[in-house]
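Worksheet: one structure, shown below.
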Amino acid sequence: MQESRKIGIVGAGWVGLVTGGCFAELGHNVIVRDIVEERIESLRAGRMPFHEPNLPEMLEKNRERLRYTTAAEELGEADVLFICVQTPPTYSGDADLSYVWNALDDLPRSERRQILVMKSTVPVGTGDKVRAALEARNLSNVGYASNPEFLAEGNAVRDFLNPDRIVIGAFHEEDAVSVEALYSGIEAPIVRTDVQSAEMIKLAANAFLMTRISFINEIANVCEAVGADVVEVARGVGLDHRLGPHFLRAGIGYGGSCFPKDSLALKQLASNSGYHFQLLSAVIEVNELQKRRVIAKLQKHLGKLRGKKVALLGLAFKPGTDDMREAPSLVLASRLLAEGVEVRAWDPVARPTELLKGAQICDSVLEAVTGADAAVIVTEWDDLRTLASDAVRDAMARPLIVDGRNLLDPDETRAAGFAYEGIGRPTSPFEALAQTAEPPPRVQR
Ligand code: UDX
């Protein structure tokens, strides 16, 4: 049995709660501190501030070892303090570290040697700045380590407890040893390195995942032009052991709280250091264009979009979460509204009424598609696997499905009486037109 330590978590957001809950599961005593009173009260009452599978159960199961507080002094009891605050982009695209500096300002003085561990994603060089800030605050007995998280939303608890690797960058060997010990019980390769390299590993890993997505999306776009099927192509490419199958799902682009923000931060970090990161700039641009390609697909079938009704199915940036941050649905909805489309929107979990102003939020898929000229699969929720049903076809004004995530089988969908457009999959050019009384629309690509 490993030694149980006292862990402080700064920030009761998504990363903070997953980290706190999982360390409690590993047997440590955890104090979670946040400045937002209501959030702490909700957590004490057992209410979750967001949707993350398995997390509520984990927090409940380890209740005895978890304490929630707004009082910074309580963090003075902790051996190790994990900084889990947001680092949103500033106007310049750099990461805003003000929450990190606030956390340092609030740090209680402790007689013991505490270790501050950065979980938040930060620019390379942050560790040096924090070290200097600690010295300036007469906190030179506080250690520092970078221990980035690689958690994917919807899978975060599993990712934490079964990681591909644990990265620890520290200025002092003894601090790295103490941080590593907290993870005992978890089987994973440990990457012990310097602070800067640990910070860079996180940014580079995310950038590479995004590069794969934008790469396969461009291959998908070429597939459309030459009549190949990107799903088959990705399967064939991914079986090469040097490449692997992951992050090769073509679609309408990535979103979320990490990728868009972290790619900008890395791009800025490079340019602030005098380097133009061309490949990353292209990855970002491809992703922006990818979200908008749905509009051309709709125009191909419907002609002018003004006055048409379109159902957006799935709104969260990916399934398994209610997170709407940088969700492709937001860009899509506002592009459609700008074209004069009546937008209906449905999601099994996310309720983004404020964010989707002008769109009608529906309670069921059937409600969203009733009278619609097209249904667009924006997020690949399991509930949408059965979209190509008689009930949906009969409810729609035109049975057209634009499958932004290649969720459905094209042949089965067409056999069920729908016109079907995937991403990077062959289509018969104007198959939906036979069902409309309108003159052939102009193709806008
Ligand atoms: C990601 C990283 O996976 C995680 O390691 C990091 O810590 C935070 O960012 P997350 O944003 O939760 O996690 O989601 P992820 O599952 O990686 O998906 C990100 C986006 O990429 C989603 O919008 C998803 O739809 C899209 N995606 C993913 C694709 O379009 N194609 C793929 O093949 C994979």
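The values are calculated or read from the model by the stated rules, or taken from the named source; none is laboratory data. Bear in mind that the values here come from a model prediction, so they are computed numbers and not experimental data. In this analysis, Cβ positions are derived from the backbone assuming ideal geometry, glycine residues included, and neighbour counts consider all displayed protein chains. Just the protein is used for accessible areas: all its heavy atoms, side chains included, with ligands, DNA and RNA removed. Shrake-Rupley method; radii C 1.70, N 1.55, O 1.52, S 1.80 Å.
For the reader, a short list of remarks on this structure follows.
- Using the Cβ-Cβ distance between Met48 and Arg385 with R0 = 22 Å, the FRET efficiency computed as 1/(1 + (r/R0)^6) comes to roughly 0.25.
- Taking the Kirkwood radius as Rh and the Cα radius of gyration as Rg, the stretch 196-264 has a ratio of Rg/Rh equal to 1.04.
- With all protein chains modelled, accessible area of Val191 [1.4 Å, Å²]: 50 Å²
- The stretch 313-383, relative contact order in percent, only Cα pairs under 8 angstrom and at least six apart counted: 40 percent
- Cross-link partners of Lys300 among lysines (Cα-Cα below 30 Å; sequence separation of 8 or more within a chain): Lys291, Lys308, Lys309, Lys318, Lys357
- 13 Å beta-carbon shell around Leu139, net charge (K/R +1, D/E -1): +1
- Remark on Val191: its backbone amide H falls under 5 Å from those of Ile166, Val167, Ile168, a criterion applied only to residues 5 or more positions apart or on other chains, H modelled at 1.01 Å from N.
- Partners of Lys267 within straight-line reach, counting lysines whose Cα lies under 19 Å from its Cα and excluding those fewer than 8 residues away in the same chain: Lys202.
- Taking the inverse of the mean 1/r over every pair of distinct Cα atoms in the stretch 242-383 gives a Kirkwood hydrodynamic radius of 16.2 Å.
- Ser197 paired with Glu285, simple spin-label distance in nm, labels 7 Å along Cα-to-beta-carbon: 3.4 nm
- Candidate residues Asp105, Asp194, Asp323: accessible-area rank, largest first, probe 1.4 Å: Asp105, Asp194, Asp323
- Calculated from the alpha-carbon coordinates, the stretch 174-301 shows an Rg and a Dmax of 18.4, 64 Å respectively.
- Rg of the Cα atoms in the stretch 1-124, relative to 2.2 N^0.38 Å, amounts to 1.04.
- Inter-site label distance for Asn141 and Ala415 at 7 Å from Cα along Cβ, in nm: 7.4 nm
- The value obtained for the chain, namely the Cα convex hull volume divided by the number of residues, is 155 Å³ per residue.
- Kyte-Doolittle mean at least 0.5, axial Cα span of 30 Å or more - DSSP H helices of the chain: 195-226
- Summed side-chain charge close to Gly11 - residues other than Gly11 whose Cβ falls under 13 Å, Lys, Arg +1, Asp, Glu -1: 0
- For the stretch 148-190, fraction of C-alpha pairs farther apart than 11 Å, in %: 66 percent
- The stretch 7-40 and the stretch 247-296 have their alpha-carbon centroids 31 Å apart.
- Database remark: amide H of Leu116 closer than 5 angstrom to the amide H of Leu81, Gly143, Tyr144, Ala145 (H placed geometrically; neighbours at sequence offset of 5 or more, or on other chains; Pro and chain starts carry no H).
- Between the alpha-carbon centres of the stretch 330-374 and the stretch 85-102 there is a gap of 32 Å.
- Selection among Pro328, Ala204, Leu243 by position relative to the dipole of the chain gives Pro328 as farthest towards the positive end (Cβ unit charges, Cα centre).
- Computed helical MRE - 222 nm, the chain, DSSP H runs ≥ 4 contributing -39500 (n - 2.57), nearest 500: -12000 deg cm²/dmol
- Amide H contacts of Ile361 (H built 1.01 Å from N, under 5 Å, at least 5 apart or other chain): Ala345
- Value of D in µm² per second that Stokes-Einstein yields for the stretch 144-219, Kirkwood Rh from Cα pairs, at 10 °C (1.306 mPa s): 118 µm²/s
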